[in-house]
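Heads up, the thing below is written out as structure tokens.
The values are calculated or read from the model by the stated rules, or taken from the named source; none is laboratory data. Quick caveat, the model's predicted, so the values are computed rather than measured. We place every Cβ from the backbone using ideal geometry, glycine too, and count neighbours over all the protein chains shown.
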Amino acid sequence: MKIIPISLPTPFYIGPVNVYLIAEDPITLIDTGPKTKEARDALHEGLRKAGFRVADVRRIVLTHAHEDHCGLARSVRDEAKNAEVLVHNWETGHRIGRLEYEEHRALLVRAGVPPPEIETMRKMYEGVRQYADSFAADEYGELRDEEELEFETGTLRIVHTPGHTPGSCSFVREADRTIIAGDCVLKRITPNPVLSPDPIDPPKRFASLAEYLVSLARLRTFAPTLVHGGHGAPVNDFEELFNRYIRAIQERQKTVIGLLPKTGASAWEIALQMFPQADDVHRFLSVSEAVAHLDLAHSEGKIELELSDGREVYRAS
Ligand SMILES: [Zn+2]
Ligand SMILES: [Zn+2]
């Protein structure tokens, strides 16, 4: 079973995205790239070099529903005459091409983000959503943890690896312990645990960083020899990356706890201190990062959390 990476340009800060062609029946594309002409052309060219056309694709599997990964799914599906589309059903906060905005807004209010900043984030999101087509709930099938995607000469095991988003999935070829991990594993940077509603209980916040740590540990049990991420070069030494991630997370937790004043602070206030330079685009990601670390520290009993005037205030314990 041949896994062929294809790099596609994106209009986002993160740079090019990797999608993966499984060049065996049923011809499968893992992620599709954003909905731009440049990505579409690069996808056509990448498939052509591998000896295929978009029309040959029978199955589209999404690691998660961020625009840089899922944007072209509908267009590829249509061009490939109704290829099957599969995504994990926890990807509810980011239904393909349609963020559940009101749920997100409520989370931002609780995190202490001021209304004008929330409005800026909404406008930014409106700008980003043009890079993905929407799907109705009945237009895609479900990726289920531990099930297998079958191919002519082998299988990929579906491993649900929540964290970056609630429905993020990885795909493991056990024969040689190769993993396609989407944004769960990135060589250069620690993936952002994006602020998301809990898929089971949307008014609540998803415990993204705690879940992410479990996902990393789970991938580690496969003793991967090669991990293909959603951006950048593949990872040959997962163990080194795992240890680096854990250290980075522990260090950031210390920083976050150190920033908490005695009088308490909201996640927004901590985000401003952690990333004073963050511009519009990165403000949302800095709040995500602050909330994730504060939540993890709270769940570990290291800090206190109370609700005051509809916003959450964290305090050193
Ligand atoms: Zn992502
Ligand atoms: Zn990505």
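Structure above, values below:
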| item | result |
| --- | --- |
| Residues being closer than 26 Å to I3 by Cβ and not in a helix (DSSP H, G or I) - total across region 195-228 | 8 |
| Scope region 229-244; condition under 19 Å from the mean Cα position of the chain (by Cα) and either hydroxyl-bearing (S, T, Y) or not in a helix (DSSP H, G or I) (or both); matching residues | G229, G230, H231, G232, A233, P234, V235 |
| Residue within region 35-56 that is within 15 Å of I180 (Cβ to Cβ), out of contact with any helix residue (DSSP H, G or I) (no Cβ under 9 Å at 6 or more places or on another chain) and of a type outside the set (A, V, I, L, M) present | no |
| Answer residue from region 283-317, given it is part of a loop (DSSP other than H, G, I, E, B) and out of contact with any Lys or Arg (no Cβ under 9 Å at 6 or more places or on another chain) and is surrounded by the most Cβ atoms within 10 Å (Cβ to Cβ) among those | K302 |
| Conditions (1) among the aromatic types (F, W, Y); (2) out of contact with any Ser or Thr (no Cβ under 7 Å at 6 or more places or on another chain); (3) within 30 Å of Y101 (Cα to Cα); (4) part of a loop (DSSP other than H, G, I, E, B): number failed by F171 | (4) |
| Cβ pairs under 6 Å, 6+ apart, first in region 157-185 and closer than 16 Å to V214 by Cα and within 12 Å of ligand 1 (Cβ to nearest atom), second assigned to a loop (DSSP other than H, G, I, E, B) and of a type in the set (D, E) | H164/D183; G167/E91 |
| Residue within region 49-67 that is assigned to a loop (DSSP other than H, G, I, E, B) and modelled with pLDDT under 95 present | yes |
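To keep it simple, each residue is scored yes or no on (1) among the hydrophobic types (A, V, I, L, M, F, W, C); (2) within 16 Å of ligand 2 (Cβ to nearest atom); (3) surrounded by fewer than 22 Cβ atoms within 10 Å (Cβ to Cβ).
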position: F12; (1), (2), (3): yes, yes, yes
position: V17; (1), (2), (3): yes, yes, no
position: A39; (1), (2), (3): yes, yes, no
position: L47; (1), (2), (3): yes, no, no
position: T63; (1), (2), (3): no, yes, no
position: E84; (1), (2), (3): no, no, yes
position: E102; (1), (2), (3): no, no, yes
